[in-house]
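Colleague: If you scroll down you'll find the structure; I have some questions about it.
Only the coordinates and a few stated rules stand behind these numbers; no lab work does. Quick caveat: nothing in here was measured; it's all calculated off a predicted structure. Note that each Cβ is placed from the backbone with ideal geometry, even for glycine, and that neighbours are counted across all protein chains shown.
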Amino acid sequence: RARGRIIVATFASLLSRVQLVIETAARHGRKVAVAGRSMEDNTAIAEQLGYVRFPEGVRVPLAQIENLPDEQVCVLATGSQGEPNAALARMASGRFRHVSIREGDTVLLSSTAIPGNETAVFRNIDSLARLGADVVYGRHAGLHVSGHAAQEELKLMLNLLRPLYFLPVHGAFRMLRAHAKLAYELGFSRDDVFMLDNGESLVLTPSGLQRGEKLDLEDILVDGSLVGDVGTTVLRDRHSLASEGFVVARVMVDLDKHVLVSEPEIISQGFVYVPDSAQLMDAARSTIESIVSHNGHGADPEEEISREIKRGLSELFYRETRRRPVVVTMVNANGQS
């Protein structure tokens, strides 16, 4: 039904789908161009190995499609999952050199959005529609079936291989459990089917397969040149800074008289714009003045005052704004910088 160009987005690794698109395009008199690095690489290797075949004269360089009538063009593209740097996303945002989406184009998404990718996928669909393309997607479009094996296919593999031991892998634990259940239905002993969590191990010995030690594994975070040195406290602080901002209160006090030497300096980043928040800043300074006058009698007066200012400002800011910025205090005693 498409009168203009057709752009098909699918997984570059799903060679059977790629071959089907090529054959269908050829049957309808369309040339096929490939867009996206992984699609280019996969089709080139698959063609060399004989897994993908382009009929004579069907494949054309992407740069040449502008020389063809729209009704003779089919583009195989990456980006069915909304990947920001994939070919389809760059087409949708006008950043792709050889293909500019226009009225009359039809975009086919031969995929199902992987959980977590929905926002990116639908953002692309909206962008393509704004540029004038008809976007065909979803289960009801009849374009896509899962590339994963169905239950009967999994049973067939187990019956063909008849392994001594079976270890289902890949997917959430509920999926591993469902796969293991298929093995039980085929007569596998529960002692010969293993479901493992991260860190658990199996040991193959002359007497058979058995569970080994459980390793204490944790995520290793990489932050610039630091590897594994970023802990939960640092991540929590960064989250607070990103979502709430921070406030620095620099206070100079006379510990002998329990008074301020000068007006407190309050710096806000990402919380409120100080010139537009005069009442809140005045309340913060009054809070600091009150805390200084009533605290600082212990063994470490600077630490005590600093702690109380942080607590007092945090309570004030939450009460007035319902936000919790990170509060940093700098207390200098007796006017010493």
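Colleague: Would you tally the net charge around Tyr51, using a Cβ to Cβ cut-off of less than 14 Å, leaving Tyr51 out, and scoring K and R as +1, D and E as -1?
Modeller: -1
Colleague: Sort 115-123, 209-217 by packing, meaning the average of other beta carbons within 10 Å per residue, with the highest value first.
Modeller: Answer by packing, highest mean first, reads 115-123, 209-217.
Colleague: Still on this structure, please answer the following. Quick one: order Val136, Val75 by neighbouring beta-carbon count within 10 Å, fewest to most.
Modeller: With the sparsest Cβ surroundings first, the list reads Val136, Val75.
Colleague: Report, in degrees rounded to the nearest 10, the 0 to 90 angle that the Cα long axis of helix 37-49 makes with the longest principal axis of the chain.
Modeller: Once rounded, the angle reads 30 degrees.
Colleague: Principal axes first, then extents: for the Cα atoms of the range 32-159, list largest minus smallest coordinate on each axis, whole Å, largest first.
Modeller: That gives 52, 38, 24 Å along the principal axes, largest extent first.
Colleague: Based solely on its DSSP helices, what 222 nm [θ] is calculated for the chain when runs of n ≥ 4 H residues each add -39,500 (n - 2.57) and the sum is averaged over all residues, nearest 500 deg cm²/dmol?
Modeller: -11500 deg cm²/dmol
Colleague: Take every DSSP beta bridge with both residues inside the chain and express the antiparallel ones as a percent of the total, to the nearest 5.
Modeller: Taking every DSSP beta bridge with both residues in the chain, the antiparallel ones total about 35 percent.
Colleague: Please arrange Leu76, Leu204 by how many other C-beta atoms lie within 10 Å of their C-beta, fewest to most.
Modeller: Listed from fewest to most nearby Cβ atoms, that is Leu204, Leu76.
Colleague: Over the chain, calculate the relative contact order: mean separation of alpha carbon pairs under 8 Å at least 6 apart, over the residue count, as a percent.
Modeller: This gives 11 percent for the chain.
Colleague: If you don't mind, another one. Using Cα positions and a limit of under 18 Å, work out the lysines in reach of Lys155, with same-chain residues fewer than 8 apart set aside.
Modeller: Lys181
Colleague: Something else: Relative contact order, percent, of the range 226-287 when contacts are C-alpha pairs under 8 Å separated by at least 6 residues?
Modeller: 27
Colleague: Suppose a student asked you for the relative contact order of the range 226-333, using Cα pairs under 8 Å spaced at least 6 residues apart; what percent would you report?
Modeller: 35
Colleague: Against the longest principal axis of the chain, how steep is helix 118-130, in degrees 0 to 90 to the nearest 10, with axes from Cα atoms?
Modeller: Roughly 70 degrees, rounded to the nearest 10.
Colleague: What is the gain in length, in nm to one decimal, between Ser207 and Asp192 on full extension, counting 0.36 nm per residue of separation less the C-alpha to C-alpha distance?
Modeller: Taking 0.36 nm per residue and subtracting the Cα distance, the gain is 4.1 nm.
Colleague: May I ask you to list the residues of the range 225-246 whose amide nitrogen lies under 11 Å from a point 7 Å from Cα along the Cα→beta-carbon direction of Glu303?
Modeller: So the set is empty, nothing qualifies.
Colleague: Let me ask something else. Only Lys, Arg, Asp and Glu count, each charged at its Cβ (+1, +1, -1, -1), so figure out the dipole size of the range 237-325 about its Cα centre, rounded to 20 debye.
Modeller: Using Cβ point charges on Lys, Arg, Asp and Glu, the range 237-325 gives about 440 debye.
Colleague: For the chain, with the dipole built from +1 on Lys and Arg beta-carbon atoms and -1 on Asp and Glu ones, taken about the Cα centre, which of Phe246, Cys74, Val169 lies farthest toward the positive end?
Modeller: Towards the positive end, the residue furthest out is Cys74.
Colleague: A further question follows. On a 0 to 90° scale, report how tilted helix 301-321 is relative to the longest principal axis of the chain, with both axes built from alpha carbons and the result rounded to the nearest 10.
Modeller: 60
Colleague: So what is the diffusion coefficient of the range 151-211 in µm² per second by Stokes-Einstein at 20 °C and 1.002 mPa s, using a Kirkwood Rh over Cα pairs?
Modeller: The calculation lands on 175 µm²/s.
Colleague: Please arrange Lys31, Lys155 by counting, for each residue, the other beta carbons lying within 10 Å of its beta carbon, fewest first.
Modeller: Listed from fewest to most nearby Cβ atoms, that is Lys155, Lys31.
Colleague: Quick one: putting +1 on the C-beta of Lys and Arg, -1 on the C-beta of Asp and Glu, what dipole do you get for the chain around its Cα centre, in Debye to the nearest 20?
Modeller: In total the dipole reaches around 1780 debye.
Colleague: Show me 83-89, 10-16 ranked by packing, highest mean number of other Cβ atoms within 10 Å first.
Modeller: So the order, starting with the most tightly packed, is 83-89, 10-16.
Colleague: May I ask for the distance between the Cα centers of the range 177-239 and the range 1-78, given as a whole number of Å?
Modeller: Between the Cα centres of the range 177-239 and the range 1-78 lies a distance of 40 Å.
Colleague: Give the lysines reachable from Lys310 as a straight Cα distance under 23 Å; neighbours fewer than 8 places away on the same chain don't count.
Modeller: Output for Lys310: Lys257.
Colleague: Then there is this: Efficiency by 1/(1 + (r/R0)^6): what FRET value for Val230 and Leu68, r their Cβ-Cβ distance, R0 = 56 Å, to the nearest 0.05?
Modeller: Working from the Cβ atoms, E equals 0.60.
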